[in-house]
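Please treat every number below as a calculation from the coordinates, not as lab data. Here the structure is a predicted model, which means the values were calculated and not measured. Don't worry about glycine lacking a Cβ; one is built from the backbone with ideal geometry, like all the others, and counts go over all protein chains shown.
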Amino acid sequence: MNSQKNSRSSFSGKIGFVLSAAGASVGLGNIWRFPYLAAKYGGGIFLLIYIVLALTFGYTMIVAESALGRMTQKSPVGAFESFGKKKWISFGGWINAIIPVLIVPYYSVIGGWVIKYLVEYIRGNGDRLAEDGYFSQFISDGRSTELCFVVFCLFTLTIIFAGVRNGVERVSKLMMPVLVVLSVIIAIYSVTRPGAISGVTYFLVPNPENFSWMTVVAAMGQMFYSLSIAMGILITFGSYMKKDTSIEGSTKNVEIFDTAIAIMAGLMIIPAVFAFSGGDPDTLQAGPALMFITIPKVFENMGLGTFVGILFFLLVLFAAVTSSIALTESAVSTIQDELGWHRRKATILIGIIMIALGTLSSLGYGPLASVRLLGMQFLDFFDFLTNSVMMPIAALMICLLVTKVVGIDRMEEEILHGEGTFRRKKIFIVMIKYLCPLFTLIILASSVANAFGWIAM
C-alpha cells in the first residue's frame, strides 16, 4: 500500500488543480440549471444569495474536502477510513465514492444529447431543432440517443485512460480557457439583442420584493451541486494536490471561476429569452427543457442562429466533458485504491458500468419508457437519488468527520501547508460545525418533499 501511495498521480501544480476542479464544477448545472432557477426565484436577489452562499458554505466544503484528500492521499473510501473503521465513517466514505459512479452514466446521456444538437447545428439544421416536438421525437428514438451517449462515454474514457496529468489536467487546461472565451462571446451577443436589456436588469439588479424563503433554498441547492460538493471529486482531486499548493488560494480561484461562468450563463440565456418572449420571465422556467427546446427557438429567432447555436452547444459540450471526466476520475481512483488495480483495468470496469446504467437512462424515454422507478423514468430517478438524497447525506458525513473525528486543529495544520495564514478560519469553523450540517438537512428535506409533490419549488 505504501508503494501505491508513493506512486500516486498528482497535478503539476496549483493551476492544474484549479482548472480541473473548476472544470468539475462548471457543467450542465451552470449552463442551463442556474439561469432558469435565477429567473424563477427573483433574478438579481437569487444571484446575490448564491454568491453569499458560495463564499461561505461552498468555500467551507471545498476546503474541507480538498484538505481531507491531500491529508490522506486517498480517494473518498480510503480518506474516511484513514480515521477509523466505525460503520458511520465507512458509510461516509462509500456514499461519497458511489455518487459519481451513479451520476456519470445519466450525465453522459445528456452529454450525448448535446453532441446531437451540436452536430445538427454544424450540418445547418438549426431550423429543425427549433421545431415543436423535435426534442421529444429525438429522445424517444432509442437508437439515436444510444449512439450519441456511447460516443460521449468513449470520449470521456479516452481522456481518463491518459491519466491525471496527460488526461484530466491537460484537457481541463485546454477546454476551460476556450469555455470562458465562448461564454463571453455568446453573452455579448445575447445582451446586445433588441429588448435584452430588461433581462440584464432582472438578472443583475437585486429586487428585495422578489425575495422568498424558497429563493434561499433554491440558491443553496444550486450552489451545492454547482461546486461539485459531496461527489467524491474534491477529495480525489485533493489527493492529487501537492503539499505546497495553497488550498485556500485554490478554493478562492475555483469559487471565482464557477461563479463567473454561472453569471455568464445567466447573461447568455436570460437576456436572449427575455428578448425572444417580450420580457416574460415565465418562458425561462422550462427547467431542463430550456436548453433543448426553448434555446433553439430563441437562436432561430435572433438571426445568425446556426453560428450562435454551434458556439453555444460547443460551450455546453466542453462544460459537460470537463465535469464527466472529473466524475469518472473520482470513480476510477476509488477502484484503484480499494482493489489495487491498474488505471487501465479500473477505467474499463467503470466504462462497463457507465454503459450499462447509462443505457437505462438513454432508452428511458423510448423503448423503456413504460418502466418507472418511484413513478420516474430512469434518468430522473438517478438524478433524484444522487442529487436529492445521497449528496446532502454525503456532505453531512463530511461535516461530521471533520468536526467529530479529525478535528479543526488537524484540518488547520493541513490547510496551512502552502499558506501563511488560515484567512477565513472563523467562517470555516462556524460553517462546518453548525451551518453546513443545517443547510444539508434543509436541502435534503426540501428536495425530497419537492420530488414527492409535498411542496412546490
Around residue 269: net Lys/Arg minus Asp/Glu count, Cβ-Cβ under 13 Å: +4
How do 81, 65 line up, fewest other C-beta atoms within 10 Å first? 81, 65
Holding the Cα-Cα limit at 23 Å, pick out from 87/404; 252/433; 85/426; 86/252; 243/425 the pairs that are longer than that. 85/426; 86/252
Estimated FRET transfer efficiency when R0 is 25 angstrom, pair residue 158-residue 15 (beta carbons, to 0.05): 0.60
With θ set to phi - 60°, apply the Karplus curve 6.51 cos²θ - 1.76 cosθ + 1.60 along region 68-82 and write out the HN-Hα couplings as whole Hz, x wherever there is a Gly or Pro. 4, x, 6, 4, 9, 6, 9, 6, x, 4, x, 4, 5, 6, 5
So what is the relative contact order for the chain, in percent, with contacts set as C-alpha pairs under 8 Å and at least six apart? 34
With Cα coordinates, the longest principal axis of the chain makes an angle with the long axis of helix 247-277, in degrees rounded to 10, of 10
Charges only on Cβ, +1 for Lys and Arg, -1 for Asp and Glu: so what's the dipole of region 12-450 about the Cα centre, in debye to the nearest 20? 1000
Output wanted: per-residue J couplings in Hz (rounded whole) for region 223-229, from phi through Karplus 6.51 cos²θ - 1.76 cosθ + 1.60, θ = phi - 60°, x for Gly and Pro. 4, 4, 7, 5, 8, 6, 6
How would 343, 372 line up from fewest to most surrounding beta-carbon atoms within 10 angstrom? 372, 343
Charge dipole of region 12-450 built from unit charges on the beta carbon (Lys, Arg +1; Asp, Glu -1), centred at mean Cα; most positive-end Cα among 228, 77, 447 is 77
Could you calculate the contour length gain from residue 307 to residue 207, that is, 0.36 nm times the residue separation minus the distance between their Cα atoms, to one decimal place in nm? 32.5 nm
Give, as a single signed number, the net charge of other residues whose beta carbon lies under 12 Å from the beta carbon of residue 34, with Lys and Arg counted +1 and Asp and Glu -1. +1
Mean Cβ count within 10 Å, highest first, over the residues of peptides 144-152, 193-201, 323-331: 323-331, 144-152, 193-201
Whole-Hz Karplus couplings 3J(HN,Hα) for region 168-180, θ = phi - 60° and coefficients 6.51, -1.76, 1.60, Gly and Pro as x, run 4, 5, 4, 5, 4, 5, 7, 6, 5, x, 4, 4, 5
What value, in deg cm²/dmol to 500, does the helix sum -39500 (n - 2.57) over DSSP H runs of n ≥ 4 give at 222 nm once divided by the residues of the chain? -22000 deg cm²/dmol
In a shell of Cβ-Cβ distance under 15 Å around residue 369, excluding residue 369 itself, what net charge do Lys and Arg (+1) and Asp and Glu (-1) give? -1
Cβ-based charge dipole, region 12-450, positive-most Cα from 96, 365, 238: 238
